[in-house]
Amino acid sequence: MRPQKLSREQLLQYCMPVFKQHGYQGTSMAMLASACDLTKGAFYYEYQDKESLVADMLSYVHDLVEDKLLSLVHKAGSAQSRYQRLHQQAVQFFSQGGMGCLVAVIGGEARYLSPSLLALTQQFFTRWQQAMQVLFDEVYPKAQASALAKQSVADYEGAILLGRIYDDSSYLQGVYERIDAQLASKPVLAN
């Protein structure tokens, strides 16, 4: 029987949890083919190597995060209310397939990555930081907003990692409460 044809999105959706669980080095092409219910030959027809798959997956995740999370910073409402919506989506997104950030899992093995894959992971975190800065810029002077945006991404990634290790989502709740309080304060803007 001939294997069914999977769309690009289906292939990536099946492969993401494997990478999320096993990391870049711990994931084999055989594991990925099995996750997609394909033979290794059929899988290799779609992706000749792990690096091309990961590059495509990182681009796909960038698009998803941009559409589902980061775009929320440009919607109507106060910085605080937009952040609240962003956080709700972030918890849902980073909890799919078990707590974790796929880009951080891949990026955590940066020394094994090609420069192009490392650049994709850096672009993801830079874009997330820029989105957070849009919110902080409405409340704080530019330099302080930049520092808070950078710290917020680090806080999220730490909370996601600890939430994964301890199977405890309260780490994300703590990040939410800190950032929400920062956005609720009204310092004097002096750019």
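Suppose we filter the stretch 32-63 for residues that are exposed (fewer than 15 other Cβ atoms within 10 Å of the Cβ), more than 20 Å from Ser114 (Cβ to Cβ) and not charged (D, E, K, R); how many remain? Can you show your working first?
We begin by selecting, within the stretch 32-63, every residue exposed (fewer than 15 other Cβ atoms within 10 Å of the Cβ); these are 37, 39-41, 44-45, 48-49, 51-52, 59, 63.
From the residues that got through so far, the ones that are more than 20 Å from Ser114 (Cβ to Cβ) too are 37, 39-41, 45, 63.
Cutting the leftovers down to not charged (D, E, K, R) gives us 39, 41, 45.
Qualifying residue count for the region: 3.
If the requirement is being under 24 Å from Ile165 (Cα atoms), without any contact (Cβ under 8 Å) to a residue 60 or more places away in the chain and either of a type outside the set (A, V, I, L, M, F, W, C) or in contact with a His (Cβ under 6 Å, 6 or more places away or on another chain) (or both), which of these qualifies: Tyr14, Tyr24, Tyr45? Step through it out loud before you land on a result.
Details: Tyr24 fails: without any contact (Cβ under 8 Å) to a residue 60 or more places away in the chain; Tyr45 fails: under 24 Å from Ile165 (Cα atoms).
Criteria check complete, one pass: Tyr14.
Out of all the residues in the stretch 121-131, is one or more open to solvent by less than 40 Å² (accessible area, probe 1.4 Å), within 22 Å of Ala184 (Cα to Cα) and in a helix (DSSP H, G or I)?
Yes; the residues of the stretch 121-131 include at least one that is open to solvent by less than 40 Å² (accessible area, probe 1.4 Å), within 22 Å of Ala184 (Cα to Cα) and in a helix (DSSP H, G or I).
Conditions tested, residue by residue: (1) in a helix (DSSP H, G or I); (2) among the β-branched types (Val, Ile, Thr); (3) over 30 Å from Cys36 (Cα atoms).
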position: Ala76; (1), (2), (3): no, no, yes
position: Val105; (1), (2), (3): yes, yes, no
position: Arg111; (1), (2), (3): yes, no, no
position: Ser116; (1), (2), (3): yes, no, no
position: Ala119; (1), (2), (3): yes, no, no
position: Val134; (1), (2), (3): yes, yes, yes
position: Ile160; (1), (2), (3): yes, yes, no
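Filter the stretch 99-120 for residues that are within 17 Å of the chain's Cα centre (by Cα) and open to solvent by 40 Å² or more (accessible area, probe 1.4 Å) and give the result. Steps first, answer last, please.
Taking the stretch 99-120 first, the residues within 17 Å of the chain's Cα centre (by Cα) are 99-110, 117-120.
Residues satisfying the conditions are Gly108, Leu118.
Quick check on Val65: is it on the phi < 0 side of the Ramachandran plot, under 14 Å from the mean Cα position of the chain (by Cα) and of a type in the set (A, V, I, L, M, F, W, C)? Show your work before the answer.
Details: on the phi < 0 side of the Ramachandran plot: yes; under 14 Å from the mean Cα position of the chain (by Cα): yes; of a type in the set (A, V, I, L, M, F, W, C): yes.
Yes.
The values are calculated or read from the model by the stated rules, or taken from the named source; none is laboratory data. Every value quoted in this text rests on a predicted model; they were computed, and no experiment measured them. Because the Cβ atoms are built from the backbone with ideal geometry, glycine has one as well, and the counts that use them run over all protein chains shown. Ligands, DNA and RNA are stripped out before the accessible areas are found, and what is left, the full protein with its side chains, is counted by its heavy atoms. Shrake-Rupley method; radii C 1.70, N 1.55, O 1.52, S 1.80 Å.
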